[in-house]
Amino acid sequence: VNPGLLVPCLAGCALTEATRSLTFPISSSFLLGHLPYFWKKDEVCGRVLQDVFLEWAKKYGPVVRVNVFHKTSVIITSPESVKKFLMSTKYNKDSKMYCALQTVFGERLFGQGLVSECDYERWHKQRKVMDLAFSRSSAWGRCGFSGKRHPEAAQCTDTRGPGLSPSSAPRGDAPSSAPQAAFGMETSMLLGAQKPLSRAVKVMLEGVSASRNTLAKFMPGWRKQLREVRESVRLLRQVGRDWVQRRREALQRGESVPADVLTQILKAEEGAQDEEVLLDNFVTFFIAGHETSANHLAFTVMELSRQPEIVARLQAEVDEVIGSKRHLDYEDLGRLQYLSQVLKESLRLYPPAWGTFRLLEEETLIDGVRVPGNTPLLFSTYIMGRMDTYFEDPLTFNPDRFGPGAPKPRFTYFPFSLGHRSCIGQQFAQMEVKVVMAKLLQRLEFRLVPGQRYGLQEQATLKPLDPVLCTLRPRGWQPAPPPPPC
Ligand code: HEM
């Protein structure tokens, strides 16, 4: 008997015994647990693992147990428990679930950066420093959201004439200011699929997804891919190293530098910051900030391409609030009420980050079910956002759910997570995406290039299944009438 297999099997049996009181209606394979169900999701194109969990939550209630090999986790979908576990600092992230982000195939990726640090004290020390750099007003001023210092947005919305090449499609190239806000990096470094950094991000994200397959690193066919993933992670960290070095030298020379996250960290730590943790955060902000906002934009454009009435209402609002103004003012954002509703509704159906995990340290009764200690709890805004228990007619895209008079969802909608580990870039991302959408709607009409599907895929984050290639035209553009016959 292979002892390497025996240990997980015995551990699996022990856990199975300990968790008998948990809802466990779905039979699972002795060795693989529920993995075969996960693979089945691929039979329907555009479905993600969260769709499998959604079915289970609807069928079996608010506490559902999932087994993968010898590991058990529990999906929780009651608002009371979301409130209890996400709103209290007593419950922290579970390092077992975040190790796939900390290290990918042996290469340090997010390490102990802000997303993947699970120890409360160490996380809190970092967060205090970074919160200062992320206040609402500094994000607006620093990043030139108004469009004055957002060259990609301007470039995109200034496009004249019909049609846009595929390389300008929203998903891959959606402008995002996150790296600039956090590290003063020009986002043009990321644009263009051919650029090495852009490719490294793509390969690395595929690697994060692949690393969930425990057997991947042992499969001979994967060797080349694994090498590329490791090289990509190393490249990302090297770029970070160079960037940090440049900023440190600028600070030492007494030059004026942006008041961003990087400066904040370097100043606060006065050289004591562990260099590797600094790089962890470089990668964290680079990815957490860019991917999520870009996918949010892409999903929104994808959905709006089949909602002409909503687009007409959006255009009317944008015309009224910003007219033909080239640059937006901070106050304009608050007046774009319907656009806010559309973006919220987009995050309900298409949250780029589907949810989060917390570690349950001690045995606890959750919604009437005894859950043993040392169990990861999964909370998903994707699942709860698509349940008719919480949202009427949940698959219909209806921004009026978030209208001024509508009841607010209570602990059933949390695209930026909730409580102490909620997204540090939430306000930043909301402003950024709103500005880009407002400028897009102000000047352009967009149509999805035919043949693309409306499904989702998961690559560390949720993103559209197809690239959301669009044809862009100036608003009000009419095709020239055909020449009269001679
Ligand atoms: C639409 C855009 C965004 C969405 C939907 C989103 C969503 C989320 C979610 C759900 C979490 C919790 C993750 C977890 O519990 O594992 C999170 C955390 C985080 N996000 Fe975002 N995010 C967005 C944009 C941004 C931006 C623009 C930045 C940075 C510039 C950013 C930086 C972070 C960081 C650093 C954390 C970890 C916070 C902590 O634990 O203290 N995010 N985000």
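A few comments on the model shown:
- Cβ-Cβ contacts under 7 Å between residues 6 or more apart (or on different chains), taken from a first residue in segment 422-433 that is within 24 Å of Thr89 (Cα to Cα) to a second residue that is more than 6 Å from the ligand (Cβ to nearest atom), are listed as Ile424/Met130; Ile424/Asp131; Ile424/Phe134; Gly425/Phe134; Gln427/Arg136; Gln427/Ala139; Phe428/Phe134; Phe428/Ala139.
- Gln457 vs. criteria open to solvent by 30 Å² or more (accessible area, probe 1.4 Å), outside any loop (DSSP other than H, G, I, E, B) and either on the phi > 0 side of the Ramachandran plot or within 13 Å of the ligand (Cβ to nearest atom) (or both): no
- Contact map, segment 393-418: first residue open to solvent by 20 Å² or more (accessible area, probe 1.4 Å) and within 16 Å of the ligand (Cβ to nearest atom), second residue basic (Lys, Arg) and not in a loop (DSSP other than H, G, I, E, B), Cβ cut-off under 7 Å, separation 6 or more or different chains; pairs are Phe402/Lys344; Phe411/Lys83; Tyr413/Arg348.
For (1) touching a Leu at 6+ places or on another chain (Cβ under 9 Å); (2) over 21 Å from Gln430 (Cβ atoms), each residue gets a yes or a no:
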position: Arg335; (1), (2): no, no
position: Arg358; (1), (2): yes, yes
position: Thr364; (1), (2): no, yes
position: Leu377; (1), (2): yes, yes
position: Met387; (1), (2): yes, yes
position: Phe397; (1), (2): yes, no
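- All positions within segment 83-101 that are exposed (fewer than 14 other Cβ atoms within 10 Å of the Cβ) and touching a Phe, Trp or Tyr at 6+ places or on another chain (Cβ under 7 Å): Thr89
- The set of residues in segment 102-122 that are surrounded by 21 or more Cβ atoms within 10 Å (Cβ to Cβ) and either in a helix (DSSP H, G or I) or among the charged types (D, E, K, R) (or both) contains only Glu117.
- Selected residue (criterion: nearest to His420 (Cα to Cα)) from residues of segment 310-365 that are open to solvent by 60 Å² or more (accessible area, probe 1.4 Å) and polar (S, T, N, Q): Gln337
- Of the criteria (1) more than 15 Å from the ligand (Cβ to nearest atom); (2) under 17 Å from Gln307 (Cβ atoms), which one Met387 fails: (2)
- Residue match in segment 11-20 (condition: among the β-branched types (Val, Ile, Thr), modelled with pLDDT of 65 or more, in contact with a strand residue (DSSP E or B) (Cβ under 6 Å, 6 or more places away or on another chain) and open to solvent by less than 50 Å² (accessible area, probe 1.4 Å)): no
- Segment 422-454, subset within 7 Å of the ligand (Cβ to nearest atom) and open to solvent by 20 Å² or more (accessible area, probe 1.4 Å), residue farthest from Ser116 (Cα to Cα): Gln426
- Among the candidates Arg223, Arg241, Arg247, residue that is away from the ligand (no atom under 16 Å from the Cβ), buried (at least 16 other Cβ atoms within 10 Å of the Cβ) and of a type in the set (Lys, Arg): Arg247
- Total residues in segment 344-358, condition out of contact with any helix residue (DSSP H, G or I) (no Cβ under 6 Å at 6 or more places or on another chain) and either assigned to a helix (DSSP H, G or I) or more than 15 Å from the ligand (Cβ to nearest atom) (or both): 2
- Residues satisfying the stated conditions in segment 460-470, i.e. part of a loop (DSSP other than H, G, I, E, B) and either modelled with pLDDT of 90 or more or aromatic (Phe, Trp, Tyr) (or both): Leu465, Asp466, Pro467, Val468, Leu469
- Some residue of segment 76-88 being within 15 Å of Cys118 (Cβ to Cβ), outside any helix (DSSP H, G or I), at pLDDT 95 or above and not β-branched (Val, Ile, Thr): no
- Selection status of Arg473, more than 30 Å from Arg127 (Cα to Cα), of a type outside the set (Asp, Glu) and outside any loop (DSSP other than H, G, I, E, B): yes
The values are calculated or read from the model by the stated rules, or taken from the named source; none is laboratory data. Because the structure is predicted, anything quoted here is derived from the model rather than measured. Don't worry about glycine lacking a Cβ; one is built from the backbone with ideal geometry, like all the others, and counts go over all protein chains shown. SASA here: full protein model, heavy atoms, side chains in, ligands and nucleic acids out. Shrake-Rupley method; radii C 1.70, N 1.55, O 1.52, S 1.80 Å.
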